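> Structure in structure tokens, see below.
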Amino acid sequence: MPTATPNVTLDQEINPWEAQSARFDFAARKLNLDEGLWKLLRTPARELIVHFPVTMDDGRIEIFTGFRVQHNIARGPAKGGIRYSLEVTLDEVRALASWMTWKCAVVNIPFGGAKGGVICDPKSMSQGELERMTRRYTSEISDFIGPEKDVPAPDMNTNEQTMAWIMDTYSMHARHTVTSVVTGKPLNIGGSRGRLEATGRGVMVVCNESLRYLNIPVEGCRVIIQGFGNVGSNTARLMMEHGYKIIGIAEKDGGLQNANGIDIHQLLEYKYRNGTLVGFRGAEQVPSEDLFVSDCDILIPAAMENVITSRNADKIKARIVVEGANGPTTAVADEILADKRIFVVPDILANAGGVTASYFEWVQDRQGYFWKEAIVNEQLESILRDSFEDVVRYAEAHNVNNRIAAYMLAIDRVAFTIRQRGIYA
Ligand code: GLU
């Protein structure tokens, strides 16, 4: 059988752009996508790189580099988060922007895909420095973004406060308040009820659907989660409240394990008070790497890229892998997981709850009418349940795994739109 990964080196394996392209090419080939659309959809449409100054607290001027990549806008305004990290590269932002195009198409919301990032170490910066950096980056990309053009949102190391600064800076330039320029804002300034926990809620919905599909009961189902940031912690809390047993949490500074289930409410309180999970009494401290390969029913990588690779995929004991993060599994590891018959819910479906609630936020801002939380959650759950069904049916019909099915479904939807609109040239 042809594979998505003809002989690659480890460097290629962990390059997110290579990871995206390998799956895209494989799915496009399966779809018999014509060559022109293939070339068009393989390449991001616009890439902006900015180098800009920020005055640091000690009076020094530091130069930062930021990116905003718009992969495709055929189905609507570009949409996607902004991340702050020393690891940000153009290739990574490109891959993440493409994934947003596919993610929005999988859940069938009217957005294209984009992503942004600034190379920085947010943990070593003061609030004032972060605010000045965010405002200057916003002003550098302000011609590029807008409610009808490109709508940023939070991603790794950015949050509601970051979105408030972006909204304010953009609005100062526009000389009126433009809430719908970003999503993931605080509730008081155009945020949506349910947005903060939406990615975690979506992860739970696809876990529920996976269990239903595989005929496994929720009660007592053992879950290990990597990451306890916004996505990981909300996933853990919602799933515990739903009857799952969270037996492991893996974080950068150490892991926690408790075969009887970790009390996530207590853990959240502990982290709030101490800023770390280390020292929590309600579980045993174990190395995070061990948790990845421990026995469980569902493994949820909810932190970063490239955590399931050719180096550890064959040791994974979970029955189901649900990708709360973007790009946690390399294309080489895909094949190892497939050989082990692990049921994978790919990132572009599993973590799409966030952008789906972002879509609701954008709609509410433009309507100036805000929904009750129950409505947001109900609409979110219904979209994710339908999308899960679409993906698994597509996988069955085309005899491919869930990831390739999700890509095929998404590429097909975007290609259909482009054919309908025609090429302006
Ligand atoms: N950063 C999130 C993601 O990767 C959310 C994007 C959005 O809401 O636009 O899906």
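The values are calculated or read from the model by the stated rules, or taken from the named source; none is laboratory data. From a predicted model like this one, the values you see are computed outputs, not experimental measurements. Glycine also receives a Cβ, built like all others from the backbone with ideal geometry; neighbour counts cover every protein chain displayed.
> If a residue must be in contact with a Ser or Thr (Cβ under 9 Å, 6 or more places away or on another chain), assigned to a helix (DSSP H, G or I) and more than 11 Å from the ligand (Cβ to nearest atom), how many such residues does region 190-208 contain?
Result for region 190-208: 6.
Per-residue answers, yes or no, for (1) among the small types (Gly, Ala, Ser); (2) away from the ligand (no atom under 16 Å from the Cβ); (3) in contact with a Cys (Cβ under 8 Å, 6 or more places away or on another chain):
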site	(1), (2), (3)
PRO53	no, yes, no
ILE61	no, yes, no
THR65	no, yes, no
VAL69	no, no, no
ALA78	yes, no, no
LEU86	no, yes, yes
GLU92	no, no, no
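> Let me ask something else about it. If you go through region 139-147 one residue at a time, do you hit one that is within 20 Å of ALA19 (Cα to Cα) and either out of contact with any strand residue (DSSP E or B) (no Cβ under 7 Å at 6 or more places or on another chain) or at pLDDT below 95 (or both)?
no
> Name the residues in region 182-214 that are of a type in the set (A, V, I, L, M) and either surrounded by fewer than 24 Cβ atoms within 10 Å (Cβ to Cβ) or within 29 Å of ILE320 (Cβ to Cβ) (or both), would you?
Once the filter is applied, which keeps residues that are of a type in the set (A, V, I, L, M) and either surrounded by fewer than 24 Cβ atoms within 10 Å (Cβ to Cβ) or within 29 Å of ILE320 (Cβ to Cβ) (or both), region 182-214 yields LEU187, ILE189, LEU196, ALA198, VAL203, MET204, VAL205, VAL206, LEU211, LEU214.
> Restricting to region 101-117, name every residue that is within 12 Å of the ligand (Cβ to nearest atom), hydrophobic (A, V, I, L, M, F, W, C) and within 17 Å of PHE388 (Cα to Cα).
First pass over region 101-117, keeping only residues within 12 Å of the ligand (Cβ to nearest atom): 101-104, 106-107, 109, 111-117.
Next, from what is left, pick out any that are hydrophobic (A, V, I, L, M, F, W, C): 102, 104, 106-107, 109, 111, 114.
Answer for region 101-117, where residues must be within 12 Å of the ligand (Cβ to nearest atom), hydrophobic (A, V, I, L, M, F, W, C) and within 17 Å of PHE388 (Cα to Cα): TRP102, CYS104, VAL106, VAL107, ILE109.
Residues are listed down the side, and each one gets a yes or a no for (1) under 12 Å from ARG222 (Cβ atoms); (2) in contact with a Gly (Cβ under 8 Å, 6 or more places away or on another chain):
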site: GLN257; (1), (2): yes, yes
site: ILE264; (1), (2): no, no
site: ARG281; (1), (2): no, no
site: GLN285; (1), (2): no, yes
site: VAL293; (1), (2): no, no
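> Turning to a different aspect of this structure: Which condition number in (1) surrounded by fewer than 24 Cβ atoms within 10 Å (Cβ to Cβ); (2) within 16 Å of the ligand (Cβ to nearest atom) is the one that VAL322 fails?
(1)
> Count, please, the residues in region 368-425 that happen to be without any contact (Cβ under 8 Å) to a residue 24 or more places away in the chain, among the aromatic types (Phe, Trp, Tyr) and closer than 20 Å to SER358 by Cβ.
1
> So, in region 159-189, of the ones that are in a loop (DSSP other than H, G, I, E, B) and either over 22 Å from the mean Cα position of the chain (by Cα) or under 15 Å from ASP143 (Cα atoms) (or both), which residue ends up nearest to the ligand (Cβ to nearest atom)?
VAL182
> Would you mind stating whether LEU211 is part of a helix (DSSP H, G or I), of a type in the set (A, V, I, L, M) and touching a Pro at 6+ places or on another chain (Cβ under 8 Å)?
So LEU211 passes the test.
Per-residue answers, yes or no, for (1) charged (D, E, K, R); (2) surrounded by 17 or more Cβ atoms within 10 Å (Cβ to Cβ); (3) closer than 25 Å to TRP99 by Cβ; (4) in contact (Cβ under 8 Å) with a residue 40 or more places away in the chain:
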residue: GLY117; (1), (2), (3), (4): no, yes, yes, yes
residue: GLN127; (1), (2), (3), (4): no, no, no, no
residue: GLU131; (1), (2), (3), (4): yes, yes, no, no
residue: VAL151; (1), (2), (3), (4): no, yes, yes, yes
residue: ASN157; (1), (2), (3), (4): no, yes, yes, yes
residue: TYR170; (1), (2), (3), (4): no, yes, yes, no
residue: HIS173; (1), (2), (3), (4): no, no, no, no
residue: THR177; (1), (2), (3), (4): no, no, no, no
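> Counting only residues that are of a type in the set (Lys, Arg) and within 17 Å of GLY354 (Cβ to Cβ), how many does region 61-114 have?
Qualifying residue count, region 61-114: 3.
> Tally time: how many residues in region 215-250 are touching a residue at least 60 places away in the same chain (Cβ under 8 Å) and either buried (at least 19 other Cβ atoms within 10 Å of the Cβ) or in contact with a strand residue (DSSP E or B) (Cβ under 6 Å, 6 or more places away or on another chain) (or both)? Working first, answer last.
Here is the first cut: in region 215-250, the ones touching a residue at least 60 places away in the same chain (Cβ under 8 Å) are 216, 221-227, 229-232, 235.
Filter once more, so that each one left must be either buried (at least 19 other Cβ atoms within 10 Å of the Cβ) or in contact with a strand residue (DSSP E or B) (Cβ under 6 Å, 6 or more places away or on another chain) (or both): 221-227, 230-232, 235.
Adding up the residues that qualify gives 11.
> Just checking: which of the strands (runs of 3 or more DSSP E) contained wholly in region 1-110 hold 3 or more residues that are buried (at least 23 other Cβ atoms within 10 Å of the Cβ) and touching a residue at least 24 places away in the same chain (Cβ under 8 Å)?
Answer list for region 1-110: 61-72, 78-85.
> Could you run through region 280-319 and say how many residues are without any contact (Cβ under 8 Å) to a residue 40 or more places away in the chain, aliphatic (A, V, I, L, M) and buried (at least 18 other Cβ atoms within 10 Å of the Cβ)?
Matching residues across region 280-319 total 4.
> If a residue must be within 26 Å of the chain's Cα centre (by Cα), outside any helix (DSSP H, G or I) and basic (Lys, Arg), how many such residues does region 229-288 contain?
Number satisfying all stated conditions: 2.
> Right, something else. So which residues in region 333-347 are more than 20 Å from the chain's Cα centre (by Cα) and either within 16 Å of the ligand (Cβ to nearest atom) or of a type in the set (A, V, I, L, M) (or both), if there are any at all?
Those that are more than 20 Å from the chain's Cα centre (by Cα) and either within 16 Å of the ligand (Cβ to nearest atom) or of a type in the set (A, V, I, L, M) (or both): ILE336, LEU337, ALA338, ILE342.
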